[in-house]
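Below is one structure, written out as structure tokens, with a few remarks after it.
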Amino acid sequence: MESTEQWFGTNSVHSKSTIFSVLKNFVTLQPIKFWVLSYVLSMIIELFFGSNSILIDSVNLILFPFAVILIGTLANQFIMSARFFYILLYPTYRNLTNSQSIMFLLVVNVLKFIFFIIVWKYTFVLGVIGLVLSIYNAKKMSR
């Protein structure tokens, strides 16, 4: 017996998420500029602060953008409650403050760079968590 129930909105389209749609949503979660800047920063950090282990450095190099996505997701939790933590953690090169002080902006960006060097050292763990989060978000978008 067929249901006469009508579907509206997102329920009106019943499409199964294919691997292609999940992959497309996965890549488009962030703009191309994000991916390029993340990998360039990862290469710079690896060049100057890499360890002696080629395997760990390679994994860190590949997974660094996903660790940055995880840190950005965590930073969004501080946007209203602790604005300075948001400014310090959120992965952007743009000015997130209303301050016009060059010295303040320089200090914040140096602290942010040091923080992302530390993140890069633990990317083999944080990157996997960020990758799982990105896959989850891509699957959620393709439903």
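The values are calculated or read from the model by the stated rules, or taken from the named source; none is laboratory data. Computed from a predicted model, the values in this text were never measured in an experiment. Ideal geometry is used to build each Cβ from the backbone, glycine not excepted, and the neighbour counts take in all protein chains shown.
Does segment 71-102 hold any residues that are in contact with a helix residue (DSSP H, G or I) (Cβ under 7 Å, 6 or more places away or on another chain) and either of a type in the set (Gly, Ala, Ser) or at pLDDT below 75 (or both), and which are they?
Let us first name the residues in segment 71-102 that are in contact with a helix residue (DSSP H, G or I) (Cβ under 7 Å, 6 or more places away or on another chain), namely 71, 73-75, 78-79, 85-91, 95-97, 99.
Ala75, Asn95, Leu96, Thr97, Ser99, listed by residue number.
A search for C-beta distances below 6 Å between a residue of segment 46-58 that is without any contact (Cβ under 8 Å) to a residue 60 or more places away in the chain and any residue that is surrounded by 13 or more Cβ atoms within 10 Å (Cβ to Cβ) and not in a helix (DSSP H, G or I), counting only pairs 6+ apart in sequence or on different chains, returns Asp57/Gly50. Among residues of segment 64-84 that are within 8 Å of Gly130 (Cα to Cα), those with a Cβ under 6 angstrom from a residue that is outside any helix (DSSP H, G or I), sequence gap 6+ or separate chain, pair up as Val68/Pro91. Here Phe115 qualifies as within 30 Å of Asn25 (Cβ to Cβ) and not hydroxyl-bearing (Ser, Thr, Tyr). Exactly one residue out of Val107, Val132 is loosely packed, with under 14 Cβ neighbours inside 10 Å and within 15 Å of the chain's Cα centre (by Cα): that is Val132. Tell me yes or no: at least one residue of segment 118-139 is assigned to a helix (DSSP H, G or I), hydrophobic (A, V, I, L, M, F, W, C) and farther than 30 Å from Ile19 by Cβ. For segment 118-139, residues assigned to a helix (DSSP H, G or I), hydrophobic (A, V, I, L, M, F, W, C) and farther than 30 Å from Ile19 by Cβ: present.
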